[in-house]
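Scroll down for the structure; my scribbles are underneath it.
All of the numbers you see were taken from the coordinates with simple rules; none came from a lab. All figures in this text were calculated on a predicted structure; none of them were measured in a lab. Neighbour counts are summed over all protein chains in view; Cβ atoms, including those assigned to glycine, are modelled from backbone coordinates with ideal geometry.
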């Protein structure tokens with residue numbers, strides 16, 4: 001990778017790495033430096049929940065068919081990780097697989113439909129910041 005491009009995007013890459021479930025980062029294993037390996041805790045840092053995978057998208061009506069992975073509800077602010085861009089939106093309308101309007105989807109792998117503000121693609125991922 002070109003150093004100039006890396007330097008320009010370094011903070012972006014680091015902020016994205018912080019969004020996935022992870023342990024404490026260090027250069028210990030990468031650089032083979034035992035003193036920089038961190039063993040204080042085996043727990044994970046988890047700031048975002050993975051909430052679903054887009055299984056299909058209705059371009060005419062702007063509904064995403066989503067296989068839900070963690071609870072999602074009306075009002076949640078979600079991020080959609082597209083192939084080339086990350087989109088942000090608030091969930092305003094949601095329906096179960098039978099077309100009934102729902103306020104939340106609490107069942108893992110439940111198939112739901114979410115009204116989108118923009119075009120997305122099959123296999124895009126959805127995540128939500130964990131609010132404590």
Place the peptides 110-119, 123-132 in order of packing, highest mean first, counting for every residue the other Cβ atoms within 10 Å and averaging per peptide.
-> 110-119, 123-132
Go through 72-83, 90-101 and give me the packing order, highest mean Cβ count within 10 Å leading.
-> 72-83, 90-101
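If R₀ is 41 angstrom, what is the calculated FRET efficiency for the pair residue 107 and residue 12, using the beta carbon separation as r and rounding to 0.05?
0.75
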At residue 74 and residue 130, where each label point lies 7 Å from the Cα along Cα→Cβ, what is the point-to-point distance in nanometres?
-> 2.7
